[in-house]
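As structure tokens, the structure follows; a few thoughts come after it.
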Amino acid sequence: MIKNELPKTDLKTADFFYSLPEELIAQTPIEPRDHSRLMVLEDGNITHKHFYDILDYLREGDTLVINDSRVIPARVWGEKVRSGEFVGEPSKIEMLLLKQRATDSWEVLLRPAKKIKLGGKIRFGDILEATVTDIVADGNRIVSFEYDKSKFASIYEVLELIGSMPLPPYITKKLEDQSRYQTVYARENGSSAAPTAGLHFTPELLEKIKAKGVAIVPVMLHVGLGTFRPVKEEAIADHIMHAEYISVSEQSARIINERRKAGGRTIAVGTTSLRTLESTSTEDGRVIPISDETGIFIFPGYKFKAVDALITNFHLPESTLLMLVSALYGRDRIMDAYKCAVEEKYHFFSFGDAMLILP
């Protein structure tokens with residue numbers, strides 16, 4: 001697993017707190033996707049735009065790096081099985097798939113977890129059964145899935161039938177169109193949450209970006225709970241990131257390196273793309289092809305190697321993602337920008353508005 005040497009810091013988790021009125025938490029996605037607002041941070045200045053104005057800030061020769069991981073309908077509800085029979089209403093179980101360990105073996109989060117011991121079984125209708133095979137960090141379970149392989153090619157096909165999108169808890173409204181929690185370029189199944197900065201792009205906007213001479217290059221990070229796990233430690237350096245699977249192809253690495261060497265900027269779409277690039281880069285900023293897990297933790301004091309700019313959403317107070325953007329643009333300037341976003345009534349988090357950071 002890839003980790004980074006943490007910079008020395010006296011920063012506390014409380015240094016990344018800001019007050020957010022609940023009404024500014026976006027509950028539904030805007031339509032069209034690219035009509036969300038865009039805050040541009042450049043040279044200490046703040047400019048207010050719309051996301052489709054991103055074209056004005058991209059230059060021929062730039063590379064836009066996207067995360068093409070696809071969110072799976074990872075939340076399912078079942079019932080605990082005892083002696084091969086269903087247990088009644090009190091034993092209903094919610095399962096959230098977090099990370100694939102083997103073909104039909106997954107790390108999952110169960111609620112209520114205390115009801116399911118090692119060897120316990122959960123049945124989801126008449127098409128899926130899960131057996132707990134191990135208990136790991138934070139009380140998560142490893143389960144083995146069983147289903148009719150003559151009817152379903154993979155667990156993903158089963159989930160498409162019985163699962164729902166794993167929306168964050170701060171989104172309380174029902175999502176009518178499940179595809180709106182998916183980027184238009186999502187490709188490979190595996191994420192338990194959306195790489196939300198990419199939700200702003202439309203196919204038409206992507207074509208305009210390409211026509212301007214900007215390369216759009218995919219990498220992959222399967223988003224898990226590690227990205228969003230609250231920082232409970234007082235000192236941020238004591239926080240440990242959960243591992244997430246990343247992949248960079250030889251072709252993607254070659255394009256990114258060639259265009260950056262020629263003077264183009266590497267612009268990460270989202271913190272997941274940024275963490276992937278920084279996890280796979282050498283000291284001189286070259287990106288190398290890799291398939292591995294990363295536990296990279298980026299906060300102020302980190303020296304960026306591969307990324308020149310970032311497109312991102314607004315993040316939760318005291319989160320590792322807020323620490324990451326503070327490392328890129330400076331904590332004081334980021335906190336000032338968030339204060340401005342609250343005053344200007346930007347919308348926050350997964351379905352909220354966007355920010356373009358040009359250090």
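Taken together, the values in this text are just the output of simple stated rules run on the coordinates, not laboratory data. All of these numbers come straight from a predicted model, not from anything done at the bench. Neighbour counts run over all protein chains shown; Cβ positions are idealised from the backbone, glycine included.
Structure above, values below:
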quantity	calculated
Cβ-defined net charge surrounding Gly61, 14 Å radius [Lys, Arg +1; Asp, Glu -1]	+3
Between helix 250-261 and the chain: long-axis angle, C-alpha atoms, 0 to 90°, nearest 10	20 degrees
Set of aspartates and glutamates near Lys345 by C-alpha distance (under 13 Å), chain-local residues within fewer than 8 positions excluded	Glu22, Glu23, Asp353
Kirkwood-based Rg to Rh ratio, the range 75-162, C-alpha trace	0.93
FRET E, pair Thr133, His50, Förster distance 41 Å, beta-carbon r, rounded to 0.05	0.25
Global form of the range 122-254, assessed from the alpha-carbon gyration tensor, a/c cut-off 1.5	oblate
Highest to lowest packing among 111-120, 345-354, scored as the average C-beta count within 10 Å	345-354, 111-120
Relative contact order [Cα under 8 Å, 6+ residues apart], the range 75-162, whole percent	24 percent
Packing-based exposure ordering (other Cβ within 10 Å, fewest first) of His222, His50	His50, His222
Neighbour net charge for Leu358 - beta-carbon separation under 10 angstrom, K R +1, D E -1	-2
Residue with peak Gaussian network fluctuation, the chain [Cα springs, cutoff 10 Å], from Val214, Val307, Val136	Val136
Label zone at Ile162, where the point sits 7 Å out along the Cα-to-Cβ direction: the range 114-148 residues whose backbone N lies under 15 Å	121-132, 143-148
Shape of the chain, Cα gyration tensor, a/c cut at 1.5	prolate
Within straight-line cross-link reach of Lys121, lysines at Cα separation under 27 Å, skipping those fewer than 8 residues along the same chain	Lys80, Lys92, Lys99, Lys149, Lys151
